[in-house]
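The values are calculated or read from the model by the stated rules, or taken from the named source; none is laboratory data. Remember, it's a predicted structure, so these values are computed and weren't measured experimentally. Neighbour counts run over all protein chains shown; Cβ positions are idealised from the backbone, glycine included.
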Amino acid sequence: MGVVRNEHERVVEAPAEVVGALLDRLSAEDDPVFPVPAWAPMTFDRPLGVGATGGHGPIRYSVTAHEPGRRVRFAFTPPDDGFHELTVEPRGEGRCLVRHVLEMRQSGVDRLLWPTAVRPVHDTMLEELFDNIERAAAGGCARPVRWSPRLRLLNRLWWPRPVPVAVPEGARLLRASVDQPGYRDAYRMDLRAGLPRDPAAWTGVLRDAFPVLAREGGELLMDVNTAGLTARASILVDEQHVTLSTAVRADTLRARLYWAAVRPVHPFMARMMLRRVHRRLALAAPSAGERAAGTDHSTVSAPSHFVSG
């Protein structure tokens, strides 16, 4: 069994109390520093403080120490053994040092996964977190982290997949659009901070190939009739999720034959398209630091993590 210690630090041209206040908002709805939506958000079962449990993505941990404005430590959930922590130290007037330390024991396959997959993601996320601190506290980041081709691949492979659910009650346009459908399905993904709340932004799910029939609140209804099928698709965006739902009725022999051929692959295609657009919008979204700083994104270039180094 080996011990891994990983450290990141950066001098930020902002007072320690300003940066410390940003770190105290970790996992909050308006979290200004964790690199969301490009990565899974940090979430806990309660506000940041000792005893809070949660994590980000598959990484689970709990808060074991919290000195507001100065330090927060997280202990990994067993069977993982170790901790990671963030600290802020003054470095003279108007500047401070932000440090992140990770220490954990590894054995078995973890000793292979750490250098090949986990560490590249961890290192990038930490540097993006520091970038966001600079954007939010100092007004900009001169040298943002850049993604390598391997990091892009890992991000794509680890991107979450849509979950099958019942057609939401909120999809009222879809429910009213097809009488006695012979088939209905729905797939849902979490709506991370920074992702668009306008359902029109998600029409790329269907490659903008089908006309929009109606819109009501957070739901947008599209006509996806083809080969004689009566078919509608709905994109519903609420406070927590984006859901792609479909209703289909085959009234003619031609439509039934076509649907018999298409139905086996429809769930795969629907999930693939929703996942693809979810990731594309997340990578094009402004960073947490830019959102916190109130940057006018209509005049800025694409986020730095779109650039391969």
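Below are the figures for this structure:
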quantity	calculated
Residue match in region 95-103 (condition: over 20 Å from Y61 (Cβ atoms) and either assigned by TED's automatic domain parsing to the domain that holds V265 or out of contact with any Ser or Thr (no Cβ under 9 Å at 6 or more places or on another chain) (or both))	yes
Sole residue being buried (at least 18 other Cβ atoms within 10 Å of the Cβ) and in a strand (DSSP E or B), chosen from L244, L213	L244
Those residues of region 148-165 which are out of contact with any Asp or Glu (no Cβ under 9 Å at 6 or more places or on another chain), within 25 Å of V237 (Cα to Cα) and loosely packed, with under 13 Cβ neighbours inside 10 Å, in sequence order	R156, L157, R161
Some residue of region 187-198 being in the same structural domain as E239 (by TED's automatic domain parsing), touching a residue at least 12 places away in the same chain (Cβ under 8 Å), out of contact with any helix residue (DSSP H, G or I) (no Cβ under 6 Å at 6 or more places or on another chain) and not in a loop (DSSP other than H, G, I, E, B)	yes
Matching entry among V72, V19, V50 (being modelled with pLDDT of 95 or more and exposed (fewer than 15 other Cβ atoms within 10 Å of the Cβ))	V50
Residue within region 188-210 that is among the polar types (S, T, N, Q) and surrounded by 15 or more Cβ atoms within 10 Å (Cβ to Cβ) present	yes
Output for region 78-90, where each listed residue is modelled with pLDDT of 95 or more and either over 19 Å from N6 (Cβ atoms) or among the hydroxyl-bearing types (S, T, Y) (or both)	T87, P90
Exclusive hit being out of contact with any Gly (no Cβ under 9 Å at 6 or more places or on another chain) and in a strand (DSSP E or B), set R10, R25	R10
